[in-house]
Amino acid sequence: MNDWPLWEVFIRSKAGLHHRHVGSLHASDEAMALENARDVYCRRMEGVSIWIVKSEEIVANNPENSEALFDPAENKIYRHPTFYDLPDNLKHM
Amino acid sequence: MENSMADKFQQKIDDDIRIEPRDWMPEAYRKTLIRQISQHAHSEIVGMLPEGNWITRAPNLRRKVALLAKVQDEAGHGLYLYSACETLGVSRDELINQLHTGKAKYSSIFNYPTITWADIGTIGWLVDGAAIMNQVPLCRCSYGPYARAMVKVCKEESFHQRQGFEILLTLSKGTEAQRQMLQDSVNRWWWPSMMMFGPNDADSPHSAQSMAWKIKRFSNDELRQRFVDMCVDQAKILNVTLPDPDLKWNEERGHYDYGPIDWDEFWNVVKGNGPCNRDRIETRVNAYEKGAWVREAASAYAEKQASKKAIQVA
């Protein structure tokens, strides 16, 4: 089974929602990955749509550098609505 | 360097921040998780065998579809858990090899035989009941992929326990022979189920570290006590006696007291001398070896399709 690639499975639980990562599985090809994803992750109507992606094709940041990666967003409090001082009697805003 | 990483790691655990696959973690944490999650996965897979034994002999179609669905769930649980385990850097083949060579253990409970139909009900009630008791706290385990797998497992276990209890409830309202079959089954499964929580706290050397890492949230004896308290009332509904003469309500503790567990039996089964140890592993190895041609055919087909595609592109 080692030579079978690992696939990540994403399920949309109902129309209107994002696909969400639910887990992974090994399969020899796309068709088998899709069918196994159905059998393993959708036995009780958990999904209306399945995406499968080869794990090796996912690009991810290195968690060791995540501090630096997300640092630019850390001190920009003016991006939040509560940063702005407005009088209490101002309504509908 | 190592020290400050270890401190940071423990701080995250203490702050209830989950650990994810590519985060730094102490080697011992990784090893403990690989051992625990793989044992858990193996238990799901081997656990299909005692129940699979009754699929063809289920008393009616309703029972048969339910049992089939349940056994299929166990396969799914095994897969969720193998996947979670692989995120720690161990391969599926290595894990399966460890099971087949006896290097990895699985829950001892599955080394007992299912000799009557009532056993299928009792497994649902007591064995799945004990498993749920163990598994619900694991949904909050510090390792993200394990916790997420357990959420899925626990959702499905509740169906298992209820279908088992329904089987027993039907037997309890049946003929004298059916009621006897029920009582005999509970007699055989009660103590092995009690052993599913593992050794007493005093004899469980790894527990303290697992608690500090928040892999484990409650001690073996705490969970066992909850199980006893839960089962006593449920047994009344089934009109069965739990086979423990020391079982009685302790007003002061607010819990039921129970008799001593035969740990010699437990360790004997763990060491491979239970009634079905050899048979279980033999069955798994056999299935794996006889399925080799299917895996090879699927690989060959995938290669052929891929090369066809490559030619088309060229």
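The values are calculated or read from the model by the stated rules, or taken from the named source; none is laboratory data. Treat the numbers as computed from the prediction; the structure is a model and nothing was measured. We place every Cβ from the backbone using ideal geometry, glycine too, and count neighbours over all the protein chains shown. When the accessible area is computed, the model is the full protein with side chains, heavy atoms only, and any ligands, DNA or RNA have been set aside. Shrake-Rupley method; radii C 1.70, N 1.55, O 1.52, S 1.80 Å.
What to note about this one:
- Spacing of the two label points (7 Å from each Cα toward its C-beta) at residue B:285 and residue B:101, in nm: 1.2 nm
- Global form of chain A, assessed from the alpha-carbon gyration tensor, a/c cut-off 1.5: oblate
- For the range A:1-60 versus the range B:105-172, the gap between their alpha-carbon centres in whole angstrom: 26 Å
- With 40 Å² as the minimum drop in accessible area between chain alone and full protein complex (1.4 Å probe), the qualifying residues in the range B:1-39 are B:22.
- Per-residue shielding of A:20-30, expressed as the average number of other chain Cβ atoms within 10 Å of the residue Cβ, stands at 5.
- Accessible-area order (highest first, 1.4 angstrom probe) of the listed residues A:48, B:153, B:313, A:53: B:313, A:48, A:53, B:153
- Rounded percent of accessible protein surface that carbon and sulfur make up, the range A:1-59, 1.4 Å probe: 54 percent
- When both the range B:25-54 and the range B:182-220 are represented by their alpha-carbon centers, they are found 15 Å apart.
- Calculated [222 nm] ellipticity per residue, helices only, for chain A: -5000 deg cm²/dmol; basis is -39500 (n - 2.57) per DSSP H run with n ≥ 4, divided by all residues, nearest 500.
- Over all directions, the projected convex hull of the C-alpha atoms in chain B averages 21.2 nm² in area.
- Label separation (residue B:209 vs residue B:94): 1.8 nm, computed from points 7 Å beyond Cα along the C-beta direction.
- Springs between Cα atoms under 10 Å define the GNM used for chain B, and in it the highest mean-square fluctuation of B:121, B:272, B:78 occurs at B:272.
- Chain B: most fluctuating residue of B:87, B:175, B:32 per GNM, C-alpha cutoff 10 Å: B:175
- Taken along the Cα-to-beta-carbon direction at a fixed 7 Å, the label points for residue B:251 and residue A:75 span 6.7 nm.
- Which of A:19, B:206 is most accessible, then next, and so on - probe 1.4 Å: B:206, A:19
- Qualifying trypsin sites (Lys or Arg not before Pro) in the range B:95-145, DSSP loop, other Cβ atoms within 10 Å at most 14: B:103
- Relative to its residue count, the protein assembly as shown spans a Cα convex hull of 249 Å³ per residue.
- Cα-based reach from residue A:91 at 19 Å (exclusive), listing aspartates and glutamates while leaving out same-chain residues under 8 positions away: none
- Between the helical axis of A:30-41 and the longest alpha-carbon principal axis of chain A there is an angle of about 70 degrees.
- Beyond 22 Å in Cα-Cα separation lie the following of the pairs B:155/B:216; B:70/B:236; B:31/B:214: B:70/B:236.
- Working note: 222 nm ellipticity from helices only, DSSP H runs with n ≥ 4, each -39,500 (n - 2.57), summed and divided by the residues of chain B, gives -21000 deg cm²/dmol to the nearest 500.
- Residue B:5 - accessible surface, heavy atoms, 1.4 Å probe, Å² rounded to 10: 40 Å²
- Label-zone membership for the range A:1-42, site residue A:49, 7 angstrom Cα→C-beta point, backbone N under 11 Å: A:11-20
- Shielding of A:36-44 by partner chains, average beta-carbon count, 10 Å: 3
- With all protein chains kept in place, the per residue accessible area of chain B amounts to 49 square angstrom at a probe of 1.4 angstrom.
- On a per residue basis, the range A:1-59 carries 62 Å² of accessible surface, using protein heavy atoms and a 1.4 Å probe.
- Heavy atoms of chains A and B lose about 1800 Å² of accessible surface on contact, summed over both sides with a 1.4 Å probe.
- In chain A, chymotrypsin sites (Phe, Trp or Tyr not before Pro) in a DSSP loop with at most 15 other beta-carbon atoms within 10 Å: A:84
- Straight-line cross-link partners of residue B:248 among the aspartates and glutamates, defined as a Cα under 14 Å from its Cα and at least 8 positions apart when in the same chain: B:229, B:233, B:257.
- When chain B is treated as a Gaussian network with alpha carbon springs shorter than 10 Å, the biggest mean-square fluctuation among B:62, B:92, B:253 belongs to B:253.
- Of the trypsin sites (Lys or Arg not before Pro) found in the range A:23-93, those that fall in a DSSP loop while having at most 15 other beta-carbon atoms within 10 Å are A:43, A:44, A:76, A:91.
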